[in-house]
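Taking it in order: structure first as structure tokens, then the write-up.
The values are calculated or read from the model by the stated rules, or taken from the named source; none is laboratory data. Please read these numbers as outputs of a predicted model, since none were measured by experiment. Note that we place each Cβ from the backbone using ideal geometry, even for glycine, and neighbour counts take in every protein chain shown. These area figures cover heavy atoms from the full protein model, side chains too; ligands, DNA and RNA do not enter into them. Shrake-Rupley method; radii C 1.70, N 1.55, O 1.52, S 1.80 Å.
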Amino acid sequence: MTAAFDEFMRQHRMTGSEKADGYSPSVFVDLSEEEKPIVLSLLLQELPWSADWIWVVAPDKAEIVLKEWIEARRGDPYRHVYMAQQSLVRHTGDLRYQQQMVEDYPGYHDEMKHRVVDAIHYTPVNVETIAFFKYVVLEDADADARFAAAFSVLDSLQVPDTAEYEQLLGHLRSEDVELRAAALAQLDQQFGN
């Protein structure tokens, strides 16, 4: 076995905060062709957190593997399927996976919704994502999701960080739906979306 494989295995066995730090990119660099399938099988057990590493170990299989994993788990309110979808968007540029993230959003448990909003925020900005963020700001009951969407819509529209930005952010985060709607109308008027 190579030193890279030994180091991968050491990192794979970590727990707690060390495990949360993730893998070092160097553990994938010098893997032998015989070691790569072993590493891939271990990474598959860690999906969706390992999604981006699968592209490094098996770039020719990554899209197929991730699509199969997603299809088997879409609709589960507690699975982090959005992470694998975000990886697919990042590595393929295919916005169908971004659309899946938007479509799946209502099915997630409230405690996960802000993470889904953040994941969508880190995919390419377009009319659909901006509309999604506005929808969440206006309609979602979850305050954390609304906060994430408020930040995301301001960032997506490239609103400069000024006193007006702070005021808009405050209004978009408000519990008062009329205040949120007025802030969104102001954004439409000033930034054309």
Once normalised by the length of the chain, the mean sequence separation of its alpha carbon contacts under 8 Å that are 6 or more apart gives a contact order in percent of 12 percent
With DSSP loop assignment and no more than 10 other C-beta atoms within 10 Å, the trypsin sites (Lys or Arg not before Pro) in the stretch 2-46 are Arg13
Mean projected area (nm²) from the convex hull of Cα positions in the stretch 105-193 is 5.1 nm²
Largest fluctuation, Leu154, Leu42, Leu138 only, Gaussian network model of the chain with Cα springs under 10 angstrom, belongs to Leu42
In vacuo Debye sum over C-alpha of the chain, base-10 log of normalised intensity I(q)/I(0) at q = 0.16 Å⁻¹, listed in q order, is -0.98
Computed over the stretch 57-193, protein heavy atoms only, probe 1.4 angstrom, the accessible area per residue in square angstrom equals 51 Å²
So the carbon and sulfur contribution to the accessible area of the chain, 1.4 Å probe, in percent, is 51 percent
Rounded to 0.05, the calculated FRET efficiency for the beta carbons of Thr2 and Glu128 at R₀ = 45 Å is 0.50
Heads up, the stretch 1-109 by the C-alpha gyration tensor (a ≥ b ≥ c square roots of eigenvalues; a/c under 1.5 rounded, else a/b over b/c prolate, else oblate) looks prolate
With 0.36 nm assigned to each residue of separation and the Cα-Cα distance removed, Lys19 to Gln45 gains 7.9 nm
Taking Cα pairs closer than 8 Å and at least 6 residues apart, the relative contact order of the stretch 105-163 in percent is 38 percent
Here, Val159 and Gln186, labelled 7 Å along Cα→Cβ, have an inter-label distance in nm of 0.7 nm
Given 158-169, 53-64, the highest-first ranking by average Cβ count within 10 Å works out to 53-64, 158-169
Zone reached by a paramagnetic label modelled 7 Å from Arg74 Cα along Cα→Cβ, restricted to the stretch 107-146 with backbone N below 19 Å, covers 107-109, 113, 116-117, 119-121, 123-124, 128-129, 132
